[in-house]
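Following: one structure in structure tokens, then a few remarks.
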Amino acid sequence: MTVPPVRKRQPSLPQLRAFAAVAEHLHFRDAAAALGMSQPALSGAVSALEETLGVTLLERTTRKVLLSPAGERLAVRARAVLDEVGALMEEAEAVRAPFTGVLRLGVIPTVAPYLLPTVLRLVHDRYPALDLQVHEEQTSNLLAGLTTGRLDLLLLAVPLGVPGVVELPLFDEDFVLVTPLGHRLGGREGIAREALRELNLLLLDEGHCLRDQALDICREAGRADAPVTTTAAGLSTLVQLVAGGLGVTLLPRTAVRVETARSSQLLTGFFAEPAPTRRIALAMRGGAARAGEYGELASALREELKPLPVRVL
């Protein structure tokens, strides 16, 4: 006669939540308050988890709570399990009702100030049940957040060339040359790219994709190197440096109206065709459960972006 295998007891989600809260706060009262439960119930849940796992997770003293060596290791696992359960619930909610629940959108700093008004207005008017959460970060951080599941959708410059990431192109936009008053190229049209060879070009800090794009444009113009003596963390500072006479810079067309309005000491010049450009797109994980929604959002956004000085794709 075959004896059926003994099924091992498994921890419950309330037990894992109780342990994760104690691991975070290292205090039963604070952890209980965070979960909205009583201290005896919290303590009982953690004790039950210890019994189920067969390990001691906490070192309890009269004054404080410490994680045991096993608790240090398993707290990370418990948090990961709870995060995955939360993601599962979000995906299920999205399946039940499109454009509801949370959508975590990552946006690069050289896009956010100029496109977010359009994005937010679209979501407010067309998808009122969507809980849009915006995170402004540099491209590398956004891609890391997308691949780990911290973010759902990105709005940024492409191409990315990242396996497993699908791009939904929105538009192309030209770069313009921003100069101080009195500069020989200020306000001109039909500027040859080769003019960049001799200019003191001001750039953003390392990590901004717009910096890399500007350097690529310089290389295409025949400038092997672009010595960098002054940099800025954002476009607002960059144009102020230009207004102060420290050099010139390149701005995408969507940023020109906002940024050049900050100073009366600026002029814009336009390149001869074909002008240097950048492409802006939405990016999502390949096989995302909400891929259909993201595609529909991209289509709606293209329509809303048509009044801007861009070439909608």
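Worth pointing out:
- Residue list for region 285-312, filter: closer than 24 Å to Gly161 by Cβ, in a loop (DSSP other than H, G, I, E, B) and not small (Gly, Ala, Ser): Arg290, Val310
- Of all residues in region 50-67, those that are closer than 11 Å to Leu26 by Cα have Cβ atoms under 6 Å from Cβ atoms of residues that are of a type in the set (Ser, Thr, Tyr) and surrounded by 12 or more Cβ atoms within 10 Å (Cβ to Cβ), 6 or more apart or on another chain, in Glu59/Ser68.
- Residues in region 182-196 that are touching a residue at least 12 places away in the same chain (Cβ under 8 Å), assigned to a loop (DSSP other than H, G, I, E, B) and not aliphatic (A, V, I, L, M): His183, Gly186, Gly187, Arg188, Glu189, Gly190.
- Number of the condition not met by Arg150 [criteria: (1) more than 15 Å from the chain's Cα centre (by Cα); (2) surrounded by fewer than 17 Cβ atoms within 10 Å (Cβ to Cβ)]: (1)
- Test: Leu246 is modelled with pLDDT under 95, in contact with a Pro (Cβ under 9 Å, 6 or more places away or on another chain), under 19 Å from Val176 (Cβ atoms) and in a loop (DSSP other than H, G, I, E, B): yes
- Scanning region 256-282 for residues that are part of a helix (DSSP H, G or I), of a type outside the set (Val, Ile, Thr) and in contact with a Leu (Cβ under 6 Å, 6 or more places away or on another chain) yields one hit, Glu259.
- Of all residue pairs spaced 6 or more apart or on separate chains, those with beta-carbon atoms under 7 Å, a first member in region 107-132 that is in contact (Cβ under 8 Å) with a residue 24 or more places away in the chain and a second member that is hydroxyl-bearing (Ser, Thr, Tyr) are Ile108/Thr139; Tyr114/Thr254; Leu115/Thr254; Ala129/Thr100; Leu130/Thr100.
- Selected residue (criterion: surrounded by the most Cβ atoms within 10 Å (Cβ to Cβ)) from residues of region 68-104 that are more than 30 Å from Leu26 (Cβ to Cβ) and modelled with pLDDT of 80 or more: Leu103
- Residue check, Ala97 farther than 22 Å from Arg279 by Cα and of a type in the set (A, V, I, L, M, F, W, C): yes
Condition check ((1) over 15 Å from Leu201 (Cβ atoms); (2) exposed (fewer than 13 other Cβ atoms within 10 Å of the Cβ); (3) not polar (S, T, N, Q)) across all residues:
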residue	(1), (2), (3)
Gly234	yes, no, yes
Leu246	no, no, yes
Thr254	yes, no, no
Ala261	yes, yes, yes
Leu267	yes, no, yes
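- Failed criterion for Ala45 (all others in (1) under 31 Å from the mean Cα position of the chain (by Cα); (2) of a type in the set (A, V, I, L, M, F, W, C); (3) over 30 Å from Val158 (Cβ atoms) hold): (1)
- Of the strands (runs of 3 or more DSSP E) lying entirely inside region 22-107, the ones with 3 or more residues being assigned by TED's automatic domain parsing to the domain that holds Ala289 are found at 101-107.
- Failed item, numbered, when Gly287 is tested on (1) among the small types (Gly, Ala, Ser); (2) exposed (fewer than 14 other Cβ atoms within 10 Å of the Cβ); (3) modelled with pLDDT of 90 or more: (3)
Every residue, every condition in (1) in the same structural domain as Leu115 (by TED's automatic domain parsing); (2) out of contact with any helix residue (DSSP H, G or I) (no Cβ under 8 Å at 6 or more places or on another chain); (3) of a type in the set (Ser, Thr, Tyr), yes or no:
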| residue | (1), (2), (3) |
| --- | --- |
| Glu137 | yes, no, no |
| Ser140 | yes, yes, yes |
| Thr148 | yes, yes, yes |
| Asp152 | yes, no, no |
| Val162 | yes, no, no |
| Val176 | no, no, no |
| His183 | no, yes, no |
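- Condition met for Ala255 (over 17 Å from Pro113 (Cβ atoms) and either assigned by TED's automatic domain parsing to the domain that holds Val123 or touching a residue at least 60 places away in the same chain (Cβ under 8 Å) (or both)): no
- Within region 110-134, considering residues that are hydrophobic (A, V, I, L, M, F, W, C) and assigned to a loop (DSSP other than H, G, I, E, B), the one surrounded by the most Cβ atoms within 10 Å (Cβ to Cβ): Val111
The values are calculated or read from the model by the stated rules, or taken from the named source; none is laboratory data. Keep in mind that this is a model prediction, so the values were computed, not measured. No Cβ is skipped: glycine too gets one built from the backbone with ideal geometry, and neighbour counts run over all protein chains shown.
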